[in-house]
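> Mind looking over this structure? Questions follow.
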Amino acid sequence: MGFKTLEWKKGKLYLLDQTKLPLQEIYIACSTYQEVARAIRDMVVRGAPAIGVAAAFGMLLGARQSKSRTPAVLKKHMNHVARALISTRPTAVNLVWAAERMRAKFIKNLIRGKQVLLQELENQAVKILEEDLKANQEMGRQGQILIPDGVSVLTHCNAGALATSGYGTALGVIRAAREAGKRVHVYVDETRPLLQGARLTAWELMKDRIPCTLITDNMAGWLMAQGRIHLAITGADRIAANGDVANKIGTYSVALLCRAHRIPFYVAAPLSTIDLSTERGEKIPIEQRASTEVTILQGKRLAPDAAKVYNPAFDVTPHRFISAIITERGIVQRPYRSNLKKIFFGATTDDDQKLIG
Ligand code: MRU
């Protein structure tokens, strides 16, 4: 791959600064939980699984920073650290998931002494990072069977190595299809307003010599009408219990275009992105971001000064438009409510179900 999205080295979390790509490959070092929280908020690190992993190390750094002498004070401090990390980006459930896993480890080891506690937390954060990489590789292995030889695939935003510990979710499936010897070409939506497709997905696919073509977001429909896109695959920030998927703004439009053109629309996401406690998509909190992301591009104003702007970072695709959800434990098909539950709690889905789309 030639780069590491996140790396834990000698007590510091190193993050590839994604706000600088593709022009510069710069790593920033975080030694406090506040620095990790800022990096997540400013999108130095982004993508649901990657911010989950970053938050796990943020919890570790928060525990290291504490000078508290009693378990009760330390517990209060860690609740504060968790809240600070979780509040940075409200849509991706991986943040909550990782912080909760770290908190559980913390509670379990709270009375074992500071040194043991910190070691246990470090082991847990490293485990979360390594498990994410493994989950992506497994997702790729399972999901690549959905990618026929010789197809052109549309993807939106960046659900690649840059959005995870490595390999990627949606891009991981494409990587695995290529590793299985299939010819795959990728159409990359540029993904306004922050251009994760143009800046990040095109960069990482080109680094890996995966054939790709960059398009603006409004071109996909016309390409589908011409038969030039055969399927679409994206990642997810949160999957509700009924299979509704929150992902980068514009994903819903891609899913609708796929439906209109009878093209499969797949979502690839690890189990850490599935939130069974959220009943359906309408309940997923949608992050609203600064208007300047829309009005200013690379320091240049694109719109009138006082222009009113709406800038939701994510949208929700209703489950009925999703052909299948690829996880590290298998491919989930309809009915999503029961099959997501089965896969989440360890079973596989019914073998005899057919793919829809
Ligand atoms: O705002 P971002 O860049 O963090 O949004 C990222 C996405 O929407 C990804 O598609 C999603 O997190 C899945 S990444 C494997």
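> Residue by residue through the range 306-319, what is 3J(HN,Hα) from phi via Karplus (6.51 cos²θ - 1.76 cosθ + 1.60, θ = phi - 60°)? Round to whole Hz and write x for glycine and proline.
Working through the residues one at a time gives 8, 4, 7, 10, 10, 9, x, 7, 9, 10, 10, 9, x, 4 Hz.
> Let me know the charge dipole size of the range 1-95 about its Cα centre in debye, to the nearest 20, where only the beta-carbon of Lys, Arg (+1) and Asp, Glu (-1) is charged.
460
> Using θ = phi - 60° and the Karplus relation 6.51 cos²θ - 1.76 cosθ + 1.60, list the HN-Hα couplings for the range 50-55 in order, rounded to whole Hz, with x at every Gly or Pro.
5, 6, x, 4, 4, 5
> For K9, give me every one of the aspartates and glutamates with a C-alpha distance below 19 angstrom, ignoring sequence neighbours fewer than eight places off in its own chain.
Reachable aspartates and glutamates: D17, E25, E35, E120, E122, E130, E131, D132.
> Roughly speaking, what is the centre-to-centre gap between the range 101-139 and the range 310-336 when only Cα atoms are used, to the nearest Å?
Here the answer is 28 Å between Cα centres.
> For the range 6-137, would you read off the P(r) tail past 24 Å as a percentage of all alpha carbon pairs?
Pairs farther apart than 24 Å: 23 percent.
> I would also like to ask the following. Amide H neighbours of C30 under 5 Å, at least 5 residues apart or on other chains, H built in the peptide plane: list them.
The list, which skips near neighbours in sequence, is L13, Y14, L15.
> May I have the pair-distance distribution P(r) for the range 201-357, computed from all Cα-Cα distances with 5 Å bins from 0 and rounded to whole percent?
Histogram of Cα-Cα distances, whole percents per bin: 2, 9, 15, 17, 17, 15, 13, 7, 3, 2, 1, 0.
> With 10 Å bins from zero, work out the P(r) of the range 159-279 over every alpha carbon pair and list the percent per bin.
13, 45, 36, 7, 0
> Also, quick follow-up: I'd like to check one number: the per residue accessible area of the chain, probe 1.4 Å, reported in Å² as a whole number.
Heavy-atom accessible area per residue stands at 44 Å².
> Something else now. Quickly rank 208-217, 295-304 as a protection proxy: mean count of other C-beta atoms within 10 Å, highest first.
Ranked by mean Cβ neighbours within 10 Å, highest first: 208-217, 295-304.
> When a/c is below 1.5 the answer is rounded, else prolate if a/b is larger than b/c, else oblate, so apply that to the chain with a ≥ b ≥ c taken from the square roots of the Cα gyration tensor eigenvalues.
Prolate shape, in that a/c is at least 1.5 and a/b is the bigger ratio.
> Which residues' amide hydrogens lie under 5 Å from the amide hydrogen of I326, considering only partners 5 or more residues apart or on another chain, with H built in the peptide plane?
V267, A268, A269, V332
> Here's something else I'd like to know. What are the trypsin sites (Lys or Arg not before Pro) within the range 25-120 that DSSP puts in a loop, where the Cβ has at most 14 other Cβ atoms within 10 Å?
K67, R69
> Next question. With an 8 Å cut-off on Cα pairs and a minimum separation of 6 or more residues, tell me the relative contact order of the range 117-227 in percent.
Worked out over the range 117-227, it gives 24 percent.
> Using each residue's phi in the range 334-346, evaluate 6.51 cos²θ - 1.76 cosθ + 1.60 at θ = phi - 60° and report the 3J(HN,Hα) Karplus result to the nearest Hz, with x for Gly and Pro.
My calculation for the range 334-346 gives 5, x, 5, 4, 7, 6, 5, 4, 4, 5, 5, 8, x Hz in order.
> Still on this model: Do you know the relative contact order of the range 141-356, to the nearest whole percent, from alpha carbon pairs under 8 angstrom that are 6+ apart?
It rounds to 20 percent for the range 141-356.
> Separate question: Enumerate the amide H contacts of I296 below 5 Å, restricted to partners 5 or more residues apart or on another chain; note that Pro and chain-start residues carry no placed amide H.
It is L302, by chain and number.
> Which value at 222 nm does the chain reach when only helices count, each DSSP H run of 4 or more adding -39,500 (n - 2.57), with the total divided by all residues and rounded to the nearest 500 deg cm²/dmol?
Mean residue ellipticity, 222 nm, calculated: -11500 deg cm²/dmol.
> Report in % the part of the accessible area of the chain that belongs to carbon and sulfur, leaving out ligands and nucleic acids; probe 1.4 Å.
For the chain, the apolar C and S fraction of the accessible surface comes to 53 percent.
The values are calculated or read from the model by the stated rules, or taken from the named source; none is laboratory data. Small disclaimer: the values here were computed from a predicted structure and weren't measured. As a convention, Cβ positions derive from the backbone with ideal geometry for all residues, glycine included, and neighbour counts pool all protein chains shown. Accessible surface areas use protein heavy atoms only, side chains included; no ligands, DNA or RNA. Shrake-Rupley method; radii C 1.70, N 1.55, O 1.52, S 1.80 Å.
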